[in-house]
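**Student:** So that we are looking at the same thing, I have put the structure below in structure tokens.
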Amino acid sequence: MEQIEYIKAAVRALDSKHAEDIRVIGIGDLTIIADYFIIADGTSSTQLRALADEVEFQLKELGKSPARVQGNSQSNWIVLDYGDFVVHIFYKETRDFYNLERLWRDGTEMDISDWLIK
């Protein structure tokens, strides 16, 4: 399976659990950390955990597991590191504070509108 299919599945998993402001930023030309960041936010610790669990479940169904997971149900930021892409799930206030979109503004934001539930 191609990388973009895993990213699409992660975006759809986030959307299915009502994540807010989902973004995918291509950063592969800027760093060796990953090729893409997927960024989303949730409104409660319960939702953050549900979002992370759904991404993990859906990608595991496709044969992909995260190399590392940081954060837990009490965290305000959960990171799922899949090697070539990283999923960041934030509380809105934490996302606003770290503002990864600004830090990686030289990256390429993907149009994911066709992947979202209408």
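**Student:** Hey, does the stretch 47-65 have a residue that's touching a Gly at 6+ places or on another chain (Cβ under 6 Å), within 19 Å of TYR98 (Cα to Cα) and not basic (Lys, Arg)? Walk me through it before giving the result.
**Tutor:** Going residue by residue through the stretch 47-65, those that are touching a Gly at 6+ places or on another chain (Cβ under 6 Å) are 48, 51.
When the remaining residues are screened for being within 19 Å of TYR98 (Cα to Cα), the result is 48.
The next check asks that each one be not basic (Lys, Arg); those that pass are 48.
Checked the stretch 47-65: at least one residue is touching a Gly at 6+ places or on another chain (Cβ under 6 Å), within 19 Å of TYR98 (Cα to Cα) and not basic (Lys, Arg).
**Student:** When you scan the stretch 34-79, how many residues do you find that are on the phi < 0 side of the Ramachandran plot, assigned to a loop (DSSP other than H, G, I, E, B), of a type in the set (Gly, Ala, Ser) and modelled with pLDDT under 95?
**Tutor:** Qualifying residue count for the region: 3.
**Student:** For PHE90, all conditions in the list (1) part of a helix (DSSP H, G or I); (2) out of contact with any Lys or Arg (no Cβ under 8 Å at 6 or more places or on another chain); (3) aromatic (Phe, Trp, Tyr) hold save one; what is the number of the exception?
**Tutor:** Of (1) part of a helix (DSSP H, G or I); (2) out of contact with any Lys or Arg (no Cβ under 8 Å at 6 or more places or on another chain); (3) aromatic (Phe, Trp, Tyr), only one is false for PHE90: (1).
**Student:** With the requirement that a residue be of a type outside the set (A, V, I, L, M, F, W, C), closer than 13 Å to ILE39 by Cα and in contact (Cβ under 8 Å) with a residue 60 or more places away in the chain, what does the stretch 96-106 give you?
**Tutor:** GLU101 - this is the single residue of the stretch 96-106 that is of a type outside the set (A, V, I, L, M, F, W, C), closer than 13 Å to ILE39 by Cα and in contact (Cβ under 8 Å) with a residue 60 or more places away in the chain.
**Student:** Would you check which residues across the stretch 99-112 are assigned to a helix (DSSP H, G or I) and over 15 Å from the mean Cα position of the chain (by Cα) and list them?
**Tutor:** Pass one, the stretch 99-112, residues assigned to a helix (DSSP H, G or I): 100-103.
Passing the criteria: ARG102, LEU103.
**Student:** Follow-up question, since we're still on this one. Are there any pairs, at least 6 apart or on different chains, whose C-beta atoms fall under 7 Å, with the first in the stretch 6-17 and of a type in the set (S, T, N, Q) and the second at pLDDT 95 or above and part of a helix (DSSP H, G or I), and if so, which?
**Tutor:** Listed by first residue and then by second, the contacts come to SER16/GLU54.
**Student:** Something else: Condition first: outside any helix (DSSP H, G or I), crowded, with 17+ Cβ neighbours inside 10 Å and of a type in the set (Gly, Ala, Ser). Now tell me which residues in the stretch 7-33 satisfy that.
**Tutor:** Answer for the stretch 7-33, where residues must be outside any helix (DSSP H, G or I), crowded, with 17+ Cβ neighbours inside 10 Å and of a type in the set (Gly, Ala, Ser): ALA19, GLY26.
**Student:** Can you pull out the residues in the stretch 34-52 that are farther than 20 Å from TRP104 by Cβ, surrounded by 17 or more Cβ atoms within 10 Å (Cβ to Cβ) and in contact (Cβ under 8 Å) with a residue 40 or more places away in the chain?
**Tutor:** Going residue by residue through the stretch 34-52, those that are farther than 20 Å from TRP104 by Cβ are 42-52.
With the extra rule that they be surrounded by 17 or more Cβ atoms within 10 Å (Cβ to Cβ), the set shrinks to 42, 47-52.
The answer is GLY42, LEU48.
**Student:** Let me ask something else about it. If you scan the stretch 62-83, which residues turn out to be surrounded by fewer than 13 Cβ atoms within 10 Å (Cβ to Cβ) and among the charged types (D, E, K, R)?
**Tutor:** Listed by number, the list holds a single entry, ARG68.
The values are calculated or read from the model by the stated rules, or taken from the named source; none is laboratory data. Model, not experiment: these values are computed from the prediction. Heads up, the Cβs are rebuilt from the backbone with ideal geometry, glycines too, and the neighbour counts pull from every protein chain shown.
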